[in-house]
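S.K.: After the structure tokens below, expect a handful of questions from me.
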Amino acid sequence: MINSIKFLLIISMTLCGALGGTFFKKSSSKSNKINGYLILGMCLYGMGSILNIILLKYIQLTILLPCNAITYIWTALIAKYIFNENIIYWEYHLLD
């Protein structure tokens, strides 16, 4: 598989995962347990999983698995710009 196609599939896989979570969050604010946002979220998560399985055929696990972390970057950007959530930087004080 051509490297540029692999790269685009990795970006698509991670974006599907982040958007799936976004639609799950939107679904949770609705009174109906099953709604369009829930179904769309499930479809996007499913698409991300299928892309992950396809990519595992062509990319080593030790390379692809860390690429899944890009999903967290998408999620933070979506939370900030779509849901207007603050991105909080945590400070850990172990010896307080």
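S.K.: Starting from region 17-35, take each residue that is under 19 Å from residue 69 (Cα atoms) and in contact (Cβ under 8 Å) with a residue 24 or more places away in the chain and list its partners that are surrounded by 12 or more Cβ atoms within 10 Å (Cβ to Cβ) and among the acidic types (Asp, Glu), counting only C-beta distances under 6 angstrom and pairs at least six apart or across chains.
M.R.: Between residues of region 17-35 that are under 19 Å from residue 69 (Cα atoms) and in contact (Cβ under 8 Å) with a residue 24 or more places away in the chain and residues that are surrounded by 12 or more Cβ atoms within 10 Å (Cβ to Cβ) and among the acidic types (Asp, Glu), there is no close pair.
S.K.: Looking at region 55-69 only, could you name the residues that are in contact with a helix residue (DSSP H, G or I) (Cβ under 8 Å, 6 or more places away or on another chain), hydrophobic (A, V, I, L, M, F, W, C) and part of a helix (DSSP H, G or I)?
M.R.: 55, 56, 64, 67
A quick yes/no check of all residues on (1) among the aromatic types (Phe, Trp, Tyr); (2) under 23 Å from residue 7 (Cα atoms); (3) modelled with pLDDT under 95; (4) under 14 Å from the mean Cα position of the chain (by Cα):
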{"position": "37", "(1), (2), (3), (4)": "yes, no, yes, no"}
{"position": "40", "(1), (2), (3), (4)": "no, no, no, yes"}
{"position": "49", "(1), (2), (3), (4)": "no, yes, no, yes"}
{"position": "82", "(1), (2), (3), (4)": "no, no, yes, no"}
{"position": "87", "(1), (2), (3), (4)": "no, no, yes, no"}
{"position": "91", "(1), (2), (3), (4)": "no, no, yes, no"}
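S.K.: When you scan region 70-93, do you find a residue that is of a type in the set (A, V, I, L, M), touching a Lys or Arg at 6+ places or on another chain (Cβ under 8 Å) and not in a helix (DSSP H, G or I), even just one?
M.R.: Filtering region 70-93 for residues of a type in the set (A, V, I, L, M) gives 70, 73, 76-79, 82, 87-88.
Subsequent filtering for residues that are touching a Lys or Arg at 6+ places or on another chain (Cβ under 8 Å) retains 87.
Imposing the further condition that a residue be not in a helix (DSSP H, G or I) reduces the set to 87.
Checking region 70-93: at least one residue is of a type in the set (A, V, I, L, M), touching a Lys or Arg at 6+ places or on another chain (Cβ under 8 Å) and not in a helix (DSSP H, G or I).
S.K.: Right, something else. Do we find a residue being among the basic types (Lys, Arg) and either part of a helix (DSSP H, G or I) or touching a Gly at 6+ places or on another chain (Cβ under 9 Å) (or both) anywhere in region 32-51?
M.R.: Checked region 32-51: no residue is among the basic types (Lys, Arg) and either part of a helix (DSSP H, G or I) or touching a Gly at 6+ places or on another chain (Cβ under 9 Å) (or both).
S.K.: Quick one: count up the residues across region 51-76 that are surrounded by fewer than 16 Cβ atoms within 10 Å (Cβ to Cβ) and within 11 Å of the chain's Cα centre (by Cα).
M.R.: 5
The values are calculated or read from the model by the stated rules, or taken from the named source; none is laboratory data. All figures in this text were calculated on a predicted structure; none of them were measured in a lab. Cβ coordinates were reconstructed from backbone atoms using ideal geometry, including for glycine residues, and neighbour counts include every protein chain displayed.
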